[in-house]
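Before we start, here is the structure in question, set down as structure tokens.
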Amino acid sequence: MFAVHLMAFYFTKLKEDQIKTVDRFLYHMRLSNETLLDIMARFQAEMQKGLGKDTNPTASVKMLPTFVRAIPDGSENGEFLSLDLGGSKFRVLKVQVSEEGKQNVQMESQYYPTPNEIIRGPGSELFEYVADCLADFMKSKGLMHKKLPLGLTFSFPCTQTKLEEDIDVDILALVNDTVGTMMTCAYDDPHCEVGVILGTGTNACYMEDMSNIDLVEGDEGRMCINTEWGAFGDDGALEDIRTEFDRDLDLGSLNPGKQLFEKMISGLYLGELVRLILLKMARAGLLFGGKRSSSLHTKGKIETRHVAAMEKYKEGLANTREILTDLGLEPSEADCIAVQHVCTIVSFRSANLCAAALAAILTRLRENKKLARLRTTVGVDGTLYKIHPQYPKRLHKVVRRLVPNCDVRFLLSESGSTKGAAMVTAVASRVQAQRKQIDRVLALFRLTREQLVGVRDKMRVELEYGLKKDTHPLATVKMLPTYVCGMPDGTEKGKFLALDLGGTNFRVLLVKIRSGRRSVRMYNKIFAIPLEIMQGTGEELFDHIVQCIADFLDYMGLKGAQLPLGFTFSFPCRQTSIDKGALVEWTKGFKATDCEGEDVVDMLREAIKRRNEFDLDIVAVVNDTVGTMMTCAYEDPNCEIGLIAGTGSNMCYMEEMRNIELVEGDQGKMCINTEWGGFGDNGCIDDIRTQYDKEVDEGSLNPGKQRYEKMTSGMYLGEIVRQILIDLTKQGLLFRGQISERLRTRGIFETKFLSQIESDRLALLQVRGILQQLGLDSTCEDSIVVKEVCGAVSRRAAQLCGAGMAAIVEKRRQDQGLEHLRITVGVDGTLYKLHPHFSSILQETVKELAPQCDVTFMLSEDGSGKGAALITAVAKRLQQAQKEN
């Protein structure tokens, strides 16, 4: 018994001594946590260098764009061909993806030899040979009558320009084996966005944000980057880490000074590193009693499979003795323990270095997504990872230690390079088919120049119809006279009240105008109009308005003052004088009874009488569009047009009295409120209305009415987008084909979301955030499509608005008999002010369709409040002038 204990003690002591000896000898190969974090930071810097256009040429880590833009989403299906070219033989496969709705992959394959003379001969001969083998395979599988998409795995560094590079097959994808690995794993796990090869060679790829890739046009979405990380350190960045053994190995290699990181990690080199270490230790008398065999002196005699065998848990020592004996050596027990420990240190360093670079990639992914914690999957392939008994465990442990804020799953790839090529092809095929369907939808919103000219000319016809007595009753553009006949001249002064009713909020304002300095000061209070009052009786609505006025006068201490008042009433009105306006019809959700056809000024006066507390001098009933024009005209006398591009859409302008057949008199000008939202209600623009416009119209409060407004105004654009998103989702092109309850809800997609989504400063991540608020769980690709849909809808709205405006400015130019017109348009409305592109597209369209008009657009400040006061002031001034005359 004592002898057994003594033996065990001796063996343990021997093991400890040998391990200490090796540890001292290979001290530089042991990497501390600090060193690994430092290597991780260096690799991050190299990645950044490789992605930059100016720094890429000198970067050692090349960060090659692969033009693979999406990972599998599970909807891929069909038959694909795959070629795997990367060694002494190549493989042709037929891959069947997802039959009968089941997510599975079936493969049939055949190997073909690649003769040496073809490998070393001209490239054209190699690809002719490949094409012949492919034809043979297709014949043997009865595929000659089919044109199948093909993916080619080409496991060498490639600078790609796009994904198709042709035999009578559709070559959809040229794939690197690392990318193939990621795609294979992503088919099984949609969280997979990194691929790593740990075999004869080593490499990694991952999904990078397009906005960070300077080498490729475009900022939207993501693209897989093939890092080619094997060359990390070729610029000297790892010199302090490399040992004498790494330098000896490099000098004896086929490519000295190249792929230095790979030479410290990959299966092609680990066995050779072990051989060089054992040789030096033997020379130093630390192994084999200082004896060396000819095999130990021969390059390549120790392979990575030997290293893996020596590190096996139980049989490792026996394997070590056998391998060393085969090398012509006579190892002692102590030698076997030492050699096994050398293998451990070399392979552990490999796993450590790989973990540091992988941790850098995972950190980059987490930072790109702006997450505190990342959940992701790494797809792995390669013989080193598969056959080495300890390697995976070590790699996983170190990665998790280096990036504690990443939850990483490692997924072993099955036949990654070939199945992966088929998956890339399947994804490219799906994306191509989806792109065609999406483009068909978006094409409906792309207006040609001819179509826009058509809109401009039809609008011009409708404007003329509205002005003429005979055609006015049938005109869709109502061309309502406003009886505003003068513009501010700077002499206006005094205190004025203004009321502003145009939506769910009602404002009362006190406006003080000073002459000379053209200064306006305003005080206002906002009151809510509850839904039950908006949709109750007319009497209840006007009593509520008067209650709000009384509260304001109290608040301002003006109870007894009889001030001139301008009433901004932002609904279509037929006016017979400046202070008389009959409501044509309610819009914007108002439905108060007994109002349509009635004079709104009379209704307001009646309500003031009923209250019997104060009296007001109601001078003018004003439309907000006219108020917008007047506000800008106060600053710029050239302003003769007002435009509202907000919740609603409307336009007014100063027309020659001689053209207005509805009003007596030929002298001077009068402002016309076009109410152009009704343009097209007679079907004249049906050729450009889409099924989505029709759906929005049918679901609105006023079907068949305000068709132009429903294509151009903020109240409806979000709803058009929602209808398109529902259709694309039904076709399986968005949100994995799942229509959420929120997406079914009318009005959920407000126009403000369009403005946010289309902002150039907004990354796709933030777009996804907005969609998540709407209950839409979107992928990166979904976000790109949503952004495109928003862009198409808002662009068309701005162009249609521009075409309408071009009709007006051209009319003004021709009416004045001018070769060239200079005019200012006063603009208000959230769509114009807040949308990132609406204003510029509108302006471009006007310029293109009315080239002889020089149009300046001026933002209005509070047209409905300040504008109403100015109209009242001008009306008072003109009344005074008439009295004096």
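Among the lysines, which have Cα under 17 Å from the Cα of Lys833 when same-chain residues fewer than 8 positions away are ignored?
Once the sequence-local lysines are set aside, what remains near Lys833 is Lys752.
Quote the relative contact order of the range 507-594 in percent (integer), defining contacts as alpha-carbon pairs under 8 Å separated by 6+ residues.
Computed value for the range 507-594: 28 percent relative contact order.
Here's another thing I want to ask about it. Sort Tyr129, Tyr27, Tyr708 by accessible area with a 1.4 Å probe, largest first.
Tyr27, Tyr129, Tyr708
Also, I was wondering about something else. Report, to one decimal in Å, the Kirkwood hydrodynamic radius for the range 440-584 based on all distinct Cα pairs.
Computed over Cα pairs of the range 440-584, the Kirkwood hydrodynamic radius comes out at 19.0 Å.
Note down the net charge around Leu324, summing +1 for each Lys or Arg and -1 for each Asp or Glu among other residues with Cβ under 10 Å from its Cβ.
-3
Given Lys89/Lys386; Lys493/Lys669; Lys730/Lys787; Lys512/Lys669, which pairs have Cα atoms separated by over 25 Å?
Lys512/Lys669
Helix-only mean residue ellipticity at 222 nm, the chain, DSSP H runs n ≥ 4 weighted -39,500 (n - 2.57), per residue, nearest 500. What is it?
It lands at -14000 deg cm²/dmol.
Give me the percent of the accessible area of the chain that comes from carbon and sulfur atoms, probe 1.4 Å, all protein chains in place.
50 percent
Return the inverse of the average 1/r over all pairs of distinct C-alpha atoms in the range 248-389, which is the Kirkwood hydrodynamic radius, in Å to one decimal.
By the Kirkwood definition, the hydrodynamic radius is 16.6 Å.
Just need the relative contact order of the range 18-121 here, percent rounded to a whole number, with Cα pairs under 8 Å and 6+ apart.
Normalised by residue count, the contact order of the range 18-121 is 15 percent.
Could you give the length gained by full extension between His472 and Thr830, i.e. 0.36 nm per residue of separation minus their alpha carbon distance, to one decimal place?
125.8 nm
Which length gain, in nm to one decimal place, applies between Lys139 and Leu126 when the Cα-Cα distance is subtracted from 0.36 nm times their residue separation?
The span from Lys139 to Leu126 would gain 2.7 nm if fully extended.
What distance in nm separates the two pseudo spin-label positions at Ser740 and Ser515, each 7 Å out from Cα along the beta-carbon direction?
Using points 7 Å along Cα→Cβ, the separation is 6.0 nm.
Only loop residues by DSSP count here, and only those with at most 12 other Cβ atoms within 10 Å; note down the GluC sites (Glu not before Pro) in the range 703-797 that meet that.
Those satisfying the criteria are Glu741.
Convex hull over the alpha-carbon atoms of the range 595-709: what's its volume per residue in Å³?
Per-residue hull volume (Cα only) is 186 Å³.
OK, next. Just the Cα atoms of the range 653-751, one point each, no solvent: what log10 I(q)/I(0) does Debye give at q = 0.13, 0.16, 0.19, 0.24 Å⁻¹?
The calculated log intensity ratios at q = 0.13, 0.16, 0.19, 0.24 Å⁻¹ are -0.59, -0.76, -0.92, -1.16.
At Lys20 and Glu635, where each label point lies 7 Å from the Cα along Cα→Cβ, what is the point-to-point distance in nanometres?
The modelled label-to-label distance comes out at 8.6 nm.
Provide the packing ranking of 61-74, 553-566, i.e. peptides ordered by the mean count of other C-beta atoms within 10 Å per residue, highest first.
Highest mean packing first, the order is 61-74, 553-566.
Can you give the Kirkwood hydrodynamic radius for the range 536-588, in Å, rounded to one decimal and based on Cα pairs?
With all distinct Cα pairs of the range 536-588 included, I get 13.2 Å.
I would also like to ask the following. If you bin every alpha carbon distance in the range 742-885 into 10 Å steps from zero, what whole percent lands in each bin?
Distribution as computed: 10, 27, 25, 21, 11, 4, 1, 0 percent.
Mean separation of Cα pairs under 8 Å and 6+ residues apart, divided by the residue count of the range 742-829: what relative contact order is that in percent?
So the answer I get is 22 percent.
Would any residue of the range 18-33 have its amide N under 20 Å from a label point 7 Å out along Cα→Cβ of Arg401? List them or say none.
19-20, 22-33
Order Ser347, Ser211, most accessible first, counting only protein heavy atoms with a 1.4 angstrom probe.
The residues order as Ser211, Ser347, largest area first.
Suppose we take every Cα in the range 391-453 and form the convex hull; what volume per residue is that in Å³?
Convex hull volume per residue, Cα atoms: 167 Å³.
On to the next question. Of all the Cα-Cα pairs you can form in the range 422-465, what percent are over 11 Å apart?
Summing the P(r) of the range 422-465 above 11 Å gives 72 percent of all pairs.
Stokes-Einstein at 20 °C, 1.002 mPa s, Kirkwood radius from Cα pairs: D for the range 736-818 in µm² s⁻¹?
The diffusion coefficient I find is 143 µm²/s.
List, largest first, the extents of the alpha carbons of the range 573-634 along their principal axes, each in whole Å.
Between the extreme Cα coordinates on each principal axis of the range 573-634 lie 37, 28, 22 Å.
Share of Cα-Cα pairs in the range 465-513 beyond 19 Å, in percent?
Looking at the range 465-513, the distances longer than 19 Å represent 59 percent of pairs.
Taking the convex hull of the alpha carbon atoms in the chain, what volume per residue do you get, in Å³?
Convex hull of Cα atoms, per residue: 244 Å³.
Another question, if that's okay. Give the accessible area for Asp489 in Å² (nearest 10); use a 1.4 Å probe, count only protein heavy atoms, and leave out ligands, DNA and RNA.
Counting only protein heavy atoms, the figure is 80 Å².
What pairs in Lys20/Lys280; Lys478/Lys847; Lys20/Lys301; Lys495/Lys866; Lys525/Lys866 have C-alpha atoms more than 21 Å from each other?
Over 21 Å apart, Cα to Cα: Lys478/Lys847; Lys20/Lys301.
Place a point 7 Å from the Cα of Asn524 along the Cα-to-Cβ direction; which residues of the range 630-657 have their backbone N under 20 Å from it?
From the range 630-657, the list is 630-636, 642-652.
Which parts of the range 657-692 would a label at Gln882 reach, counting a residue when its backbone N lies under 14 Å from a point 7 Å out along Cα-to-Cβ?
The answer is 664-665, whose backbone nitrogens lie closer than 14 Å to the label point.
For Lys53, go through the aspartates and glutamates and keep the ones whose alpha-carbon is under 20 Å away, minus same-chain ones fewer than eight residues off.
Glu208, Asp209, Asp214, Glu217, Asp219, Glu220, Glu228, Asp234, Asp235
Quick one: grab Rg to one decimal and Dmax as a whole number for the range 352-462, Cα atoms only, in Å.
Looking at the range 352-462, its Cα Rg and Dmax stand at 24.8, 83 Å.
The values are calculated or read from the model by the stated rules, or taken from the named source; none is laboratory data. Everything quoted here is computed from the prediction, not taken from an experiment. Methodologically, a virtual Cβ is constructed for each residue, glycine included, from the backbone with ideal geometry; neighbour enumeration extends over all protein chains shown. Please note that ligands, DNA and RNA were not included when accessible areas were found on the heavy atoms of the full protein model with its side chains. Shrake-Rupley method; radii C 1.70, N 1.55, O 1.52, S 1.80 Å.
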